[in-house]
Amino acid sequence: QVQLVESGGGLVQPGGSLRLSCAASGNIFSILAMGWYRQAPGNQRELVATITSSGSTNYASSVKGRFTISRDNDKNTVYLQMTSLKPEDTGNYYCNSDLRTFPLGVRRDYWGQGTQVTVSS
């Protein structure tokens, strides 16, 4: 069994900052990539940022230069530092992990429960 637990969401004013964390635990053999997605009411879930085990990153164009994704491989944790937040960044942020589990090394995606980020004055 694998669990992804997110934390760090909340209410912030436009221009403010937040840092999200997501820790993966369970019978993990290896993590290939981790990332963040978000979903606003009435919208589809969209990619925010991803990071591979070697540190390669990918960002949505709407967050480039404002958000930074990083990971601690020893702790199986991924972070999303968000700065210069805008009202359109509001949504439920979901952690995702592409990983392999014990004992057979089966590879699949796992999702966290989500953490709400609200940007409003």
Karplus 3J(HN,Hα) series, Hz, for the range 45-55 with 6.51 cos²θ - 1.76 cosθ + 1.60 (x for Gly, Pro): 5, 10, 6, 9, 6, 9, 9, 8, 5, 8, x
field: Carbon/sulfur fraction of accessible area - the chain, other protein chains in place, 1.4 Å, %
entry: 46 percent
- prompt: Share of antiparallel DSSP beta bridges in the chain, in percent to the nearest 5?
  reply: 95 percent
message: Give me a comma-separated list of calculated 3J(HN,Hα) values for the range 56-68, in order, Karplus coefficients 6.51, -1.76, 1.60 applied at θ = phi - 60°, integers in Hz, x for any Gly or Pro.
response: 6, 10, 9, 10, 5, 4, 6, 10, 4, x, 10, 10, 9
task: Pop out the ³J(HN,Hα) list for the range 103-116 in order, Karplus 6.51 cos²θ - 1.76 cosθ + 1.60 with θ = phi - 60°, rounded to Hz; leave Gly and Pro as x.
output: x, 9, x, 5, 9, 7, 8, 10, 10, x, 7, x, 9, 7
field: Per residue accessible area in Å² of the chain, where ligands, DNA and RNA are left out and the probe is 1.4 Å
entry: 53 Å²
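The values are calculated or read from the model by the stated rules, or taken from the named source; none is laboratory data. On a predicted model such as this, the values are computed, not experimentally measured, just so you know. With ligands, DNA and RNA removed, areas are computed over all heavy atoms of the protein, side chains included. Shrake-Rupley method; radii C 1.70, N 1.55, O 1.52, S 1.80 Å.
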